[in-house]
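Everything on this sheet refers to the single structure shown next.
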Amino acid sequence: MYQFGEQQDSASARRNVVRPDPRFRDRRHAGQILARQLERFADRPDVLVLGLPRGGVPVAYEVARELGALLDVFIVRKLGVPGYEELAMGAIATGGVQVLDPEVMQMASVTQSELDAVIEREQRELARRESAFRGSRPPPEIAGRTVILVDDGLATGASMRAAVGALRRQEPRLLVVGVPVASRAGCRQFEELVDEIVCILTPEPFHAVGLWYQDFSDPSEDDIRAMLDRASGRGTDSRQIA
């Protein structure tokens, strides 16, 4: 784990020294630091870095840039139980992947017509985001690749769990999750779900992802599209993100 600053050995030192702010400056800064913990994946043609929109994309951009890897987005839409939308009964994702949780559906007595309505609604939003972010570019090939899935942090981990489940269906050779900050419980839950989990900071108390960034302003859809264009060589210099 990357540690900000150094431990002071004495009580007087702790009283008299102003410690560095433990927060990341912004998502770009967080991505640069995360990339240091992923250096072993640098310059490998099989590596694909996927960012979860919106907040994960600036982090993933910096990781991909530092590793010399391909960058794309992986869009996941949670299928919430009608009336209890925070409770996930499944997810749909980039590439036409659909994952359902029969136990949750049975517990919540979700009918087929209710499920169909939720899927239809979320498919429309997924298609809109695919078009907004990727344009005419096809989804990336996942099978047989080393995939590094990146977000700006983990709180409950619900979106990341959905993404992991969807990606597993596409059979990557190795699946790595990387985040700059997470609750300890949020980080631990992925230890058995992926091949490797990298959480730079796991502060306690955690409270919320945004507290660990000095600037946590959301990127716009235009920002994300520009990053993807630069990473694919269709925009200006990939080292210059507005």
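The values are calculated or read from the model by the stated rules, or taken from the named source; none is laboratory data. Predicted model only: the values in this text are computed from it and were never measured. Heads up, the Cβs are rebuilt from the backbone with ideal geometry, glycines too, and the neighbour counts pull from every protein chain shown.
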List every residue pair whose Cβ atoms sit under 7 Å apart, with the two residues 6 or more apart in sequence or on different chains, where the first one lies in region 68-86 and is under 22 Å from residue 157 (Cβ atoms) and the second, anywhere, is at pLDDT 95 or above and in a strand (DSSP E or B).
-> 72/48; 72/50; 73/50; 73/51; 74/50; 74/149
Give the number of residues within region 82-100 that are at pLDDT 85 or above and over 17 Å from residue 123 (Cβ atoms).
-> 2
State which residue is nearest to the chain's Cα centre (by Cα) when the search covers only region 136-162 and only residues that are of a type in the set (Gly, Ala, Ser) and modelled with pLDDT of 90 or more.
-> 153
Within region 99-110, can one find any residue that is among the acidic types (Asp, Glu) and touching a residue at least 60 places away in the same chain (Cβ under 8 Å)?
-> no
When only residues in region 183-203 that are aliphatic (A, V, I, L, M) and closer than 17 Å to residue 158 by Cβ count, which is surrounded by the most Cβ atoms within 10 Å (Cβ to Cβ)?
-> 197
Could you tell me which residue of region 117-170 is surrounded by the fewest Cβ atoms within 10 Å (Cβ to Cβ), considering only residues that are part of a helix (DSSP H, G or I) and of a type in the set (Val, Ile, Thr)?
-> 119
Region 178-209, residues that are in contact (Cβ under 8 Å) with a residue 24 or more places away in the chain, farther than 17 Å from residue 63 by Cα and of a type outside the set (Ser, Thr, Tyr) | 182, 186, 187, 189, 190, 193, 194, 203, 206, 208, 209
Give region 56-91 a look and list any residue that's over 21 Å from residue 137 (Cα atoms) and surrounded by fewer than 23 Cβ atoms within 10 Å (Cβ to Cβ), or say none.
-> 66, 67, 78, 80, 81, 82, 83, 84, 85, 86, 87, 88
Could you list, in sequence order, the residues of region 165-177 that are in contact (Cβ under 8 Å) with a residue 12 or more places away in the chain and more than 12 Å from the chain's Cα centre (by Cα)?
-> 165, 166, 167, 169, 170, 171, 172, 173, 174, 175
For region 204-220, enumerate the residues that are part of a helix (DSSP H, G or I), within 16 Å of the chain's Cα centre (by Cα) and surrounded by fewer than 20 Cβ atoms within 10 Å (Cβ to Cβ).
-> 210
Checking residue 120 against (1) modelled with pLDDT of 90 or more; (2) touching a strand residue (DSSP E or B) at 6+ places or on another chain (Cβ under 7 Å); (3) within 25 Å of residue 225 (Cα to Cα), the condition it does not meet | (2)
Does residue 94 satisfy being crowded, with 18+ Cβ neighbours inside 10 Å and in contact with a Phe, Trp or Tyr (Cβ under 6 Å, 6 or more places away or on another chain)?
-> yes
